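Asker: Dumping the structure here so I can ask a few things about it.
Please treat every number below as a calculation from the coordinates, not as lab data. Everything quoted here is computed from the prediction, not taken from an experiment. Here the Cβ is made from the backbone with ideal geometry for all residues, glycine too, and neighbour counts use every protein chain on show.
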Amino acid sequence: MKILPRSAFGQTVLLIGMLLLINQVVSLVSVTFYFVSPNVQQINNLLSNQIKLAFIEGLNGEDSQLNERIFDTTGMRILSDAEAVKQGLNQAVPYQSWSKQMSYNLGGEAQVKITHGEPYLYWIKPPQNPSIWITIPIVGLGHGEGSPHLVYLLMIGILSVGGSLIFVRRLNRPLKALQEAAITVGKGQVPSPLKEEGACELIAVTGAFNQMSKGIKQLEKDRALLTAGISHDLRTPLTRIRLASEMLPDSQDWIKEGIVHDIEDMNDIIDQFIDYVRQDQQEVLEEGNINDLINDAVQARNIEENHNIKLKLAPLPKILIRRVALRRVLENLIENAFRYGSNNIEISTCHDKKKQKVSFSIRDFGPGIPEENMESLFEPFTQGDKARGSLGSGLGLAIIKRIVSMHSGTVSLKNHSDGGLVVSVVIDANKLN
């Protein structure tokens, strides 16, 4: 488990937070060393000098008249232990550092306690007379128990982090939009033009991406138009050839059947070209159950007596799918399994609730495919004829892979340990939109 964030947003916030923390620590140390400590020493010196002067005047704690005169002049009270307790000694907070400094200034062991409020009240037990407590009020040091500079530093830190979060979010918003648009392009779709915002570099990148998307869209239109034109122009002479073959004499039926068979193969190849270019982008996503599509495909195949399909269907949730496109995937895979594999095939489904993935697989019991040829079979115009005697244009698996990618899924081939080929399709239901 990695603790450090991997996103640019998280790393930037972490860096700014660490820099602010270091800045706050340095500021706190600097304030304490250059401001708080000198003030504390100065106050301790003033208090200790005031106490020394009182003892020079003959302070011993027993002369009530002298005590009153000192109080009227300086506000300093001299109290016995019992009187100090009555006046709130137990509520005062002891300070060890102040006690050490006061002991050094007075030349003996002294104790210092402070009652916070307005005014601050200092309790000092002098080494000259450990049986008394001297209270000295100090006005103007502040209110409450907290240090004002700590509050200021905390406010500065919060404002700095908040400002940096706004800045980083504004910086990452166009990057996030660019990432999502790039994923859309990877699925074979063309996203809407992105809003050009943010820093000048991001605006330039976004503008270049919009221009690229526009070029891809135009290229797809041109390719679709070119393929449609070629298919139309090819079908016309093929139709004339078929009509001409029908006029051949009965003695040449074998020639006529060969010509008709070749024409049908060529028409199938043309249809595959059109399917590959079309990509079924116009079909709208709708809720559906893949098990229903499988049952429909199997029912259509039951008309062929020599083809047997065994089903192992697990309960599946409804997900967003393009029904026509996904039905084409199932039909092509079933057709390939029967044509190049065996007359008996097996179709199974699975639902991974934890990862929110829906999958189905089609297994035949044929010769399989060499491992080194599997990845290349998904490339256009690639055939596995050495292993399975395949015919056609080599676009079947390329079309399947493109449709599955449109569903945020993956398709893979694997030879079964007991023989045959397994084609697996996994769809991530979380990424469908």
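Asker: What aspartates and glutamates sit close enough to Lys355 to cross-link, taking a C-alpha to C-alpha distance under 16 Å and skipping anything fewer than 8 places away on the same chain?
Answerer: Excluding near neighbours in sequence, the set is Asp428.
Asker: Still on this structure, I have one more. Taking neighbour Cβ counts within 10 Å as the exposure measure, how do Ser27, Ser417, Ser408 sort from fewest upward?
Answerer: Fewest to most other Cβ atoms nearby, the residues stand as Ser417, Ser27, Ser408.
Asker: For Ser192 and Leu234 in the same chain, what is the full-extension length gain: residue separation times 0.36 nm, less their Cα-Cα distance, in nm?
Answerer: My answer for the length gained is 11.6 nm.
Asker: Over 23 Å between Cα atoms: which of Lys354/Lys401; Lys318/Lys357; Lys52/Lys113 fall into that group?
Answerer: Over 23 Å apart, Cα to Cα: Lys354/Lys401.
Asker: Which whole-number percent is the relative contact order of the range 286-431 (Cα, under 8 Å, 6+ apart)?
Answerer: Once normalised by length, the contact order is 23 percent.
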